[in-house]
Amino acid sequence: MSLTDVQRDVLRAVVDTVVPSLERDDDPTGFWATPGSALRAEAAIEEVLLQADPVQLAGLQQLLDALAQVGFRHGSLAVRESLLGTVAAMSPEAGVGVATLRAASALFSYSLVDEGGRNPFWTVAGFPGPQAEPTGPIDAPLPVERLTQDMAADAVVVGSGAGGGVIAAELAQAGYRVVMLEAGEYYHEGHFTQQERWATENMLYRGGIASTVDGNAALLAGHTLGGGTTINWQNWIRPRPHVVAEWGLDAEEWDRHIAAVSARVKANADCSDLNGPHQRMTEAAAKLGWSHHRTTRNVDPARYDAKIAGYTQFGDQGASKQGTSATYLRDAVSAGARIMTGAVVTRVLAENGRASGVEVEGGFTVKAPIVVLAAGALETPAILLRSGIGGPAAGLNLRLHPSSGMFGVYTEEQDPWWGPPQSAVVDEFADLGDGYGYLVEGSHYFTGIFAHQFTAQARTGRAHKAAMAELNRTGDFLFVLRERGGGRVALDANGQAEHHYALDDPADVAAFRHALGTLARLHEAAGAVRIRSGARHLRPWERGQDLEAWIAAHGAAPIGAGGIGIGSAHQMGTARMGADPATSVAGPDGQLHDTRGVWIGDTSAFPSASGSNPMLSCMALAHRTAERIAR
């Protein structure tokens, strides 16, 4: 299936409505005059649309046809902008469709590059672009293989990230014959281009466009060797003591596992330089009397370079990031483990209630009496469901640490691409009195994703370009919420994972709105002259206006599809540990209640939301699980 010529013409007109060609006398770089179609953004959107769910594709095609029928292609810019608004107001479905097309138009227009690796909008936006060309692997590449025949091992580990990497290394070093199966591909410094589009398409789950089927939440997860530890923002935060107790973990033993993994990844606070946005955040927190601190990060001080630290989601060219590809996977290989990339596990094999191996796409099997599922909380439950194991709780209790951000515009340049994406945390509201709350953190910086997010409140093409022209003076603060409620992972008609989530617990909704107010007050205290949020019905706040009234107005916006979008970089809980087989998938040690020899080795095992960036908790829990397996 493909778009018709008319649909392509309408799509190109949508792109040039969101990112239009505008006349302006002072335009030396062509920022204002260049339309999005000059980057062929419409072709990139079509390529993504054709990979979408057939129902979603059909809906967007109907929307394009409807726009064609009302003469959208031939209208002036003002007419096209008005038509998009009118159509979006016709129904919730139409609103989501228009928002999707507007967001995609902005995302690709500001992230696609020419043959020279540049984008004509970057100079005015203040984005310096890639700071270095790939120079080849700094360390010897890991020896990865392709699965071309059936194999046998003592243990097969599905996934290579924070959980799977640790368990594979610990088992291999204990003498087990270990085979690791990674669905993604292996990339290293010789591949990393510091380009948003390349990294998104090659190293993120579902090409970086994953979302819940209800449209409520965007899902950011790794899909490459090293999993999330290859693309995450390196925030190394311990869960709070009450969470450790809630999970039923012995505090003394937990500290031992924390110490072990922290040492292996060189966790330290010496490489947490504050760029402009983090300086504004900490200054504001101090002014308001709120608790805050610098972050600890998994980084090698000898290789750390603040100039390229801000590109870490696009791949760390300096090899300072101590993800599993730099640490535990090397330990595993040194102890004899084998790594298979491009290996998608379809189901677990079991005989008489015990694990016997896994089946892999292509018809291959890996036989092993120990199976560790560490494919991430979005995919581990799908493997369980396809296998018919895990019990009634498999796929339930999906926690996302729902997040949203606010952009503050300042009078001075913030240089947000220099330094780590997250180097400070405001933890004043980590516990709102009942063990639940949120952290305020900084963000990785993007041109494409931020252009996408700016479409929420930039109602015209001129307003959107004006917002992008301020990007280097913009600070992004976000929150990470520890929620009570949750969603679920199910299987679609093709047996693939589909994710459902709604933030509908009243206490979670109240905390989410409380956090929005906190972000706004931080920006105001830091001196922002303008604040943008994800509330589509509101205009940005301008200094001199009533901030509290603007915050209160967010209460009218729904949370999720059609309102303030939810972002999630932390997924957990979908195969959780617990004592009761009716409400948990695995026992307190991580082994399935109903299938011996199958272990949960990733954030799926979390009994509840961790309330902190989960990499440290995942690694420590995996270290604990590996000990249980070896016993």
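Examine region 381-394 for a residue that is part of a strand (DSSP E or B), among the charged types (D, E, K, R), on the phi < 0 side of the Ramachandran plot and over 24 Å from the mean Cα position of the chain (by Cα), and state whether such a residue exists.
So in region 381-394, the residues part of a strand (DSSP E or B) come out as none.
No - not one qualifying residue is present in region 381-394.
Just give me the residues in region 245-261 being surrounded by fewer than 14 Cβ atoms within 10 Å (Cβ to Cβ) and not in a helix (DSSP H, G or I), in sequence order.
Those that are surrounded by fewer than 14 Cβ atoms within 10 Å (Cβ to Cβ) and not in a helix (DSSP H, G or I): G248, D250.
Filter region 542-588 down to residues that are within 23 Å of V166 (Cβ to Cβ) and either in contact with a Ser or Thr (Cβ under 7 Å, 6 or more places away or on another chain) or crowded, with 21+ Cβ neighbours inside 10 Å (or both), then give me how many there are. Write out each step before concluding.
Applying the first criterion (within 23 Å of V166 (Cβ to Cβ)) to region 542-588 yields 568-578, 584-588.
If we keep only those that are either in contact with a Ser or Thr (Cβ under 7 Å, 6 or more places away or on another chain) or crowded, with 21+ Cβ neighbours inside 10 Å (or both) as well, we get 568-578, 584-586.
The qualifying residues number 14.
Confirm whether G353 is in contact with a Ser or Thr (Cβ under 8 Å, 6 or more places away or on another chain), within 22 Å of G395 (Cα to Cα) and modelled with pLDDT of 95 or more. Write out each step before concluding.
On the way: in contact with a Ser or Thr (Cβ under 8 Å, 6 or more places away or on another chain): yes; within 22 Å of G395 (Cα to Cα): yes; modelled with pLDDT of 95 or more: yes.
So G353 fits the description; yes.
Only one of V156, V166, V179 is out of contact with any Gly (no Cβ under 9 Å at 6 or more places or on another chain) and β-branched (V, I, T). Can you tell me which? Spell out the reasoning first.
Numbers: V156 fails: out of contact with any Gly (no Cβ under 9 Å at 6 or more places or on another chain); V166 fails: out of contact with any Gly (no Cβ under 9 Å at 6 or more places or on another chain).
Being out of contact with any Gly (no Cβ under 9 Å at 6 or more places or on another chain) and β-branched (V, I, T) holds for just one of V156, V166, V179, which is V179.
Evaluate region 105-112: report whether one residue or more is within 24 Å of T212 (Cα to Cα), in contact (Cβ under 8 Å) with a residue 24 or more places away in the chain and open to solvent by 20 Å² or more (accessible area, probe 1.4 Å).
yes
I'd like to know if region 484-494 contains one or more residues that are touching a residue at least 24 places away in the same chain (Cβ under 8 Å), buried (at least 18 other Cβ atoms within 10 Å of the Cβ), under 20 Å from H444 (Cβ atoms) and touching a strand residue (DSSP E or B) at 6+ places or on another chain (Cβ under 6 Å).
no
Return yes when Q414 is among the polar types (S, T, N, Q), outside any helix (DSSP H, G or I) and either in contact with a Gly (Cβ under 9 Å, 6 or more places away or on another chain) or buried (at least 24 other Cβ atoms within 10 Å of the Cβ) (or both) and no when it is not. Walk me through how you get there before you give the answer.
Details: among the polar types (S, T, N, Q): yes; outside any helix (DSSP H, G or I): yes; either in contact with a Gly (Cβ under 9 Å, 6 or more places away or on another chain) or buried (at least 24 other Cβ atoms within 10 Å of the Cβ) (or both): yes.
Judged against the criteria, Q414 is a match.
Against the condition open to solvent by less than 20 Å² (accessible area, probe 1.4 Å) and among the charged types (D, E, K, R), how does E189 come out, does it pass?
No: the conditions fail for E189.
Please tell me if Q51 is touching a residue at least 40 places away in the same chain (Cβ under 8 Å), farther than 23 Å from A469 by Cβ and in a loop (DSSP other than H, G, I, E, B).
Working: touching a residue at least 40 places away in the same chain (Cβ under 8 Å): yes; farther than 23 Å from A469 by Cβ: yes; in a loop (DSSP other than H, G, I, E, B): yes.
The answer is yes for Q51.
I'm trying to understand the selection: among the residues of region 54-75, which are of a type in the set (G, A, S) and either surrounded by 14 or more Cβ atoms within 10 Å (Cβ to Cβ) or outside any helix (DSSP H, G or I) (or both)? Even if it seems obvious, please write down each step before you answer.
Restricting attention to region 54-75, the residues satisfying the condition of being of a type in the set (G, A, S) are 58-59, 66, 68, 71, 75.
Passing the criteria: G59, A66, A68, G71, G75.
Among A132, A210, A152, A174, which is surrounded by fewer than 20 Cβ atoms within 10 Å (Cβ to Cβ), more than 27 Å from G419 (Cα to Cα), modelled with pLDDT under 95 and of a type outside the set (S, T, N, Q)? Explain how you work it out, then say what you get.
Numbers: A132 fails: more than 27 Å from G419 (Cα to Cα); A152 fails: modelled with pLDDT under 95; A174 fails: modelled with pLDDT under 95.
Going through A132, A210, A152, A174 in turn, just one is surrounded by fewer than 20 Cβ atoms within 10 Å (Cβ to Cβ), more than 27 Å from G419 (Cα to Cα), modelled with pLDDT under 95 and of a type outside the set (S, T, N, Q): A210.
Looking at (1) touching an Asp or Glu at 6+ places or on another chain (Cβ under 8 Å); (2) surrounded by 15 or more Cβ atoms within 10 Å (Cβ to Cβ), find the lone condition where D16 falls short.
(1)
Checking the structure you have, find out if any residue of region 87-96 is among the small types (G, A, S), in contact with a Gly (Cβ under 8 Å, 6 or more places away or on another chain) and within 30 Å of S320 (Cα to Cα).
No, the conditions are met nowhere in region 87-96.
Please find, within region 417-436, the residue that is farthest from G486 (Cα to Cα) out of those that are small (G, A, S) and surrounded by fewer than 21 Cβ atoms within 10 Å (Cβ to Cβ). Explain how you work it out, then say what you get.
Let us first name the residues in region 417-436 that are small (G, A, S), namely 419, 423-424, 430, 433, 435.
Within this subset, residues satisfying the condition of being surrounded by fewer than 21 Cβ atoms within 10 Å (Cβ to Cβ) are 430, 433, 435.
Details: A430: 19, G433: 20, G435: 16 Å.
Step by step, filter region 417-436, then rank; the result is G433.
Can you pull out the strands (runs of 3 or more DSSP E) entirely within region 263-356 that have at least 2 residues that are touching a strand residue (DSSP E or B) at 6+ places or on another chain (Cβ under 8 Å) and open to solvent by 30 Å² or more (accessible area, probe 1.4 Å)? Give the derivation first.
Details: elements: 292-294, 338-341, 345-351.
Filter on region 263-356 gives 292-294, 345-351.
The values are calculated or read from the model by the stated rules, or taken from the named source; none is laboratory data. Bear in mind the structure is a predicted one, so any value in this text is a computation, not a measurement. Positions of Cβ are generated from backbone atoms using ideal geometry, with glycine treated the same way; all protein chains shown enter the neighbour counts. Surface accessibility is based on the protein's heavy atoms, side chains included, excluding ligands, DNA and RNA. Shrake-Rupley method; radii C 1.70, N 1.55, O 1.52, S 1.80 Å.
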